[in-house]
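Participant: Mind having a look at this structure? Questions to follow.
The values are calculated or read from the model by the stated rules, or taken from the named source; none is laboratory data. Keep in mind that this is a model prediction, so the values were computed, not measured. Every residue, glycine among them, receives a Cβ derived from its backbone with ideal geometry; neighbour counts consider all protein chains shown. Accessible surface is based on the protein model in full, side chains and every heavy atom, while ligands, DNA and RNA are left aside. Shrake-Rupley method; radii C 1.70, N 1.55, O 1.52, S 1.80 Å.
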Amino acid sequence: MELHILEHSLKVASIEKEGIQICTHGLIKLAFLASKTRCKFFSLTETPEDYTIIVDEEGFKELPQSEHISVADATWLALNVVPGGGNASNSQPIGVTKIAKSVIAPLADHNISVFMLSTYQTDFILVRERDLPMVMHTLSSEFTLLRVVNGETVAVHDLGVTNGFVKPKLAPRPVIHPLSSPSNMFCVTSLDPDTLPSVATLLMDVMFYSGGLKEAGASSEDSSHIRFFSFSLIEGYISLVMDEQTTQRFPNNVLFTSASGELWKMVRIGGQPLGFDECGIVAQISEPLATADIPAYYISTFKFDHALVPEENIQSVIGALRTKSTAE
């Protein structure tokens, strides 16, 4: 398989809910007027706590300086696993569980922190730019390493720097963070970029203005129903993650659907903000799912992590992860 190192230099930031109004102009430009910017990688995810933005350096220029924006103190690079030859962003979805043992676990074993963004099209593994030599050294035996330079994909080789690279001791990875599963059911979908203008007003409302409202279908007693919405526009491809009630606000035939019309349940990881320095969180969750052959999307945010698994698997997933947390 091929591991593509994309050319985007990325920032990961949190926007406080009360500060979103001062960022709305820039965010709308990034989402809906991308041709007016030089941004090629943009993702915005709303959780109950905040908005997480992943954006390249050109896109970051569209945002104002504000005390309401917290930026992770590193430049990040996006890695993408491609089964064979082909463009990274239009390959078939692999799912985080398919790369758990080949990518996620080895990086965790070498104490390399990752930040995950699964989309409708593919999975992006974000690593700190300073960790790239170790990442390449760790994965070069399993993957053909390719780097995107000025839009062209070129072969790269392990940098050959071995001083200080100690073979890790493989240790058990118990699940150490609290898990919860909101009551919402979620859809992972996309739409044709040509149809984006026709639903732009609706999407703006969903993204910025209706967060305080309970979606139709969520009873007032349903305290486990959470606010979660993710929009990504990466190299021209749109990905959306939203709950089932939100999808019902869209016109028929606008959103892409799988043949099975699959719905996903969420596992939320973390009882308090996770931070960026702890290694192995994604591996703790994805390895047991890979062993059970359960597909999953995985979306890291500034404070918490989120795995989406098929609706019918949620109880067995929670059971397996909680068993792993107490057995080791």
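Participant: Go through region 102-112 and count every residue that is closer than 15 Å to TYR298 by Cα and surrounded by fewer than 23 Cβ atoms within 10 Å (Cβ to Cβ).
Facilitator: Within region 102-112, residues that are closer than 15 Å to TYR298 by Cα and surrounded by fewer than 23 Cβ atoms within 10 Å (Cβ to Cβ) number 1.
Participant: Of the residues that sit in region 222-264 and are among the aromatic types (Phe, Trp, Tyr) and under 30 Å from LEU10 (Cα atoms), which one is modelled with the lowest pLDDT?
Facilitator: Top of the filtered list is PHE256.
Participant: In region 239-256, what residues are under 30 Å from LEU77 (Cβ atoms) and either touching a residue at least 60 places away in the same chain (Cβ under 8 Å) or open to solvent by 20 Å² or more (accessible area, probe 1.4 Å) (or both)?
Facilitator: Passing the criteria: SER239, LEU240, VAL241, PHE256.
Participant: Considering only region 38-48, state which residues are open to solvent by 10 Å² or more (accessible area, probe 1.4 Å) and either among the aliphatic types (A, V, I, L, M) or out of contact with any Asp or Glu (no Cβ under 9 Å at 6 or more places or on another chain) (or both).
Facilitator: Residue satisfying the conditions is PRO48 alone.
Participant: Still on this structure: If you go through region 114-133 one residue at a time, how many are open to solvent by 10 Å² or more (accessible area, probe 1.4 Å) and of a type in the set (Ser, Thr, Tyr)?
Facilitator: So the count comes out to 1.
Participant: Could you please give the count of residues in region 33-56 that are in contact with a helix residue (DSSP H, G or I) (Cβ under 7 Å, 6 or more places away or on another chain), part of a loop (DSSP other than H, G, I, E, B) and closer than 21 Å to THR122 by Cα?
Facilitator: So the count comes out to 1.
Participant: Given ARG38, ARG128, which one is basic (Lys, Arg) and either at pLDDT below 95 or over 18 Å from the mean Cα position of the chain (by Cα) (or both)?
Facilitator: When all the criteria are applied, what remains is ARG38.
Participant: Yes or no: region 271-288 includes at least one residue that is without any contact (Cβ under 8 Å) to a residue 12 or more places away in the chain, of a type in the set (A, V, I, L, M, F, W, C) and assigned to a loop (DSSP other than H, G, I, E, B).
Facilitator: The answer is no; no qualifying residue exists.
Each row is one residue, and each column tells you yes or no for (1) within 29 Å of THR201 (Cβ to Cβ); (2) of a type outside the set (S, T, N, Q).
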position	(1), (2)
LEU10	yes, yes
GLU16	yes, yes
SER35	yes, no
GLN65	yes, no
VAL81	no, yes
PHE115	no, yes
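Participant: Could you check region 57-87 and list, in sequence order, the residues that are part of a loop (DSSP other than H, G, I, E, B), at pLDDT 95 or above and in contact with an Asp or Glu (Cβ under 8 Å, 6 or more places away or on another chain)?
Facilitator: Those that are part of a loop (DSSP other than H, G, I, E, B), at pLDDT 95 or above and in contact with an Asp or Glu (Cβ under 8 Å, 6 or more places away or on another chain): HIS68, THR75.
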